[in-house]
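One structure is given below, encoded as C-alpha cells.
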Amino acid sequence: MYVLSQLIAVVAVLSAGAIYGTDMLGALVMRPTWAKVDDRTLTAVAGHSHHYGDRRFPVPGILSIVATVLATAASAFAGRWPAFAAGAVATVALLTWLAVYKLVNEPINRQFTAAVREDRVPVDARALQTRWDSVIVLRVVLQGVALAGLCAVLALP
C-alpha cells in the first residue's frame, strides 16, 4: 500500500502541477497583460483561451482531485498518518480551489466564450476580467498548498 500511495501521489502532483502552473501564469503574466489591452482584445483572447481551457483542463483537474483522494486513502490504509494528514490538507485545498473556480471563474469564462462566439464585446468586459482576476492569487495559493501537501505525502512516513 505504501508504494501504491506514492505512485498515486506522483500522478496527483503532475496533474495538480498543470493547474498550478496555469494559474501562476495567470497571476504573474496575464493579469498585468489584460490591463494593457483594449476590451476587444481582452474579450478575444480571454474568450478563446477559456473556450479551450474549460474543455481541456477538466482532465488534469479531476485527475488531481481523484488521485489526491486515493493517495490520501492509501496512506491511511498503509498506516502513514503524517502522509494521510498532508493528503487531507491537499484534498481540502483542491476542493476549495474547485469551489472558487465554479462560483467565480467559470461563469465569467462562459460569458467571454459566448461573446467571442457571437463576435461582440461585453459592455462590462473590464469588470468581468477584474472579478476573474480577484481570485487568481487565492487559486495559486490553494494549488500551492495542495502541491506542498502532495509533496509531503511523498516525503512523509
Picked from the range 1-59 (must be within 22 Å of ALA73 (Cβ to Cβ) and among the small types (Gly, Ala, Ser)), the residue modelled with the lowest pLDDT is SER5
Of the conditions (1) within 26 Å of ARG31 (Cα to Cα); (2) at pLDDT below 95, GLY144 satisfies every one except a single condition; which number is it? (2)
Helices (runs of 4 or more DSSP H) within the range 36-133 that include 1 or more residues among the acidic types (Asp, Glu) and more than 23 Å from VAL153 (Cβ to Cβ): 39-56, 106-117, 125-133
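The values are calculated or read from the model by the stated rules, or taken from the named source; none is laboratory data. Quick caveat, the model's predicted, so the values are computed rather than measured. With ideal geometry, Cβ positions are generated from the backbone for all residues, glycine too; neighbour counts draw on all protein chains shown.
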